[in-house]
Amino acid sequence: GDSVTQMEGPVTLSEEAFLTINCTYTATGYPSLFWYVQYPGEGLQLLLKATKADDKGSNKGFEATYRKETTSFHLEKGSVQVSDSAVYFCALRDDYKLSFGAGTTVTVRA
Amino acid sequence: NAGVTQTPKFRVLKTGQSMTLLCAQDMNHEYMYWYRQDPGMGLRLIHYSVGEGTTAKGEVPDGYNVSRLKKQNFLLGLESAAPSQTSVYFCASRKAGPKNTGELFFGEGSRLTVL
């Protein structure tokens with residue numbers, strides 16, 4: 001079935017540093033792609049999404065571009081804050097279901 | 001403004017005991033899901049439902065049963081708990097329809113420990 005693979009963590013950064021989390025997908029078609037974020041002690045919430053090739057999703061300073069040629073959906077943020085410390089999950093829609101990557105723990109230090 | 005509500009939030013069981021996790025959503029969503037989250041393994045789908053009275057297996061269904069008797073509720077049961085079922089369980093729901101891109105709305109999670 002369709003699946004996603006995301007870079008392993010943990011990732012530790014200083015405030016205002018640049019963040020990239022890699023995500024690649026394997027799919028027979030062109031599924032919708034998502035990034036979810038999980039703050040400590042909470043459930044997952046949608047961060048951004050893209051539904052077709054070349055779409056760019058963006059929210060809260062984060063961006064990700066759906067790249068068909070490299071089957072990737074990398075998450076980026078130009079200047080992270082302490083409040084961005086969380087676990088980030090890449091996901092794709094496969095029929096009725098969403099399949100998630102293993103998650104990347106990001107810690108931002110002041 | 002409740003969204004997706006899971007009960008209980010914490011539970012400790014002994015091996016062999018049974019229990020049921022309840023998920024309730026007030027958004028009139030057709031689809032509901034149960035995932036488990038384990039360190040280093042992300043979220044894995046246990047069972048899901050695409051409508052009242054229907055359920056289907058996900059990737060890790062063994063040892064669990066589910067029921068969707070009402071559209072707003074999705075129950076996850078453990079008939080005979082095992083230590084391997086120690087995990088954090090998340091319920092999620094979403095709207096159906098061809099224009100829906102698949103965004104899931106999650107509950108806050110239920111932490112289950114099996115001794």
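The numbers here are math on the coordinates, done by the rules we state, and not lab data. None of these values were measured; they are calculated from a predicted model. Backbone-built Cβ (ideal geometry, glycine too); neighbour counts: all protein chains shown.
Remarks
- Rounded Å value of the spacing that divides the Cα centres of region A:26-83 and region B:1-18: 30
- Expressed per residue, the C-alpha convex hull volume of chain B stands at 99 Å³.
- Electrostatic dipole magnitude of the protein assembly as shown [Cβ: Lys, Arg +1; Asp, Glu -1; Cα centre; debye, to 20]: 500
- Partner chain coverage, peptide A:40-47 - average Cβ within 10 angstrom: 5
- Electrostatic bookkeeping for B:TYR31 treats Lys and Arg as +1 and Asp and Glu as -1; over the other residues with beta carbon under 12 Å from its beta carbon, the sum is +2.
- Candidate cross-link partners of B:LYS57 among the lysines, defined by an alpha-carbon separation under 23 Å and a same-chain spacing of 8 or more, comprise A:LYS97, B:LYS70, B:LYS71, B:LYS95.
- The slack between B:LYS70 and B:LYS57, meaning 0.36 nm per residue of separation minus the straight C-alpha distance, is 2.8 nm.
- Dipole magnitude of chain B, debye to nearest 20 (Cβ charges: Lys/Arg +1, Asp/Glu -1, about Cα centre): 100
- For residues of A:98-110, the mean tally of beta carbons on other chains within 10 Å: 3
- Extension gain for B:ARG44-B:VAL88 works out to 14.8 nm (0.36 nm per residue, less the C-alpha to C-alpha distance).
- Each principal axis of chain A carries a Cα extent, and these read 42, 27, 21 Å when sorted largest first.
- Added length on full extension, which subtracts the Cα-Cα distance from 0.36 nm per residue, A:ASP95 to A:ALA27: 23.4 nm
- Electrostatic tally near A:GLU42: other residues with Cβ closer than 13 Å to its Cβ, Lys and Arg +1, Asp and Glu -1, net +1.
- Taking Cβ atoms as reference points and 15 Å as the exclusive limit, the residues near B:GLY107 contribute a net charge of +1, counting Lys and Arg as +1 and Asp and Glu as -1.
- Size of the protein assembly as shown as Cα extents on the principal axes (Å, biggest first): 48, 41, 34
- In region B:68-114, trypsin sites (Lys or Arg not before Pro) in a DSSP loop with at most 16 other beta-carbon atoms within 10 Å: B:LYS70, B:LYS71, B:LYS95, B:LYS99
- Leading residue at positive end of dipole, chain A (Cβ point charges), from A:VAL87, A:THR51, A:SER99: A:THR51
- Dipole of region B:15-115 [Lys/Arg +1, Asp/Glu -1 at C-beta], most positive-end residue of B:TYR48, B:LEU78, B:ALA96: B:ALA96
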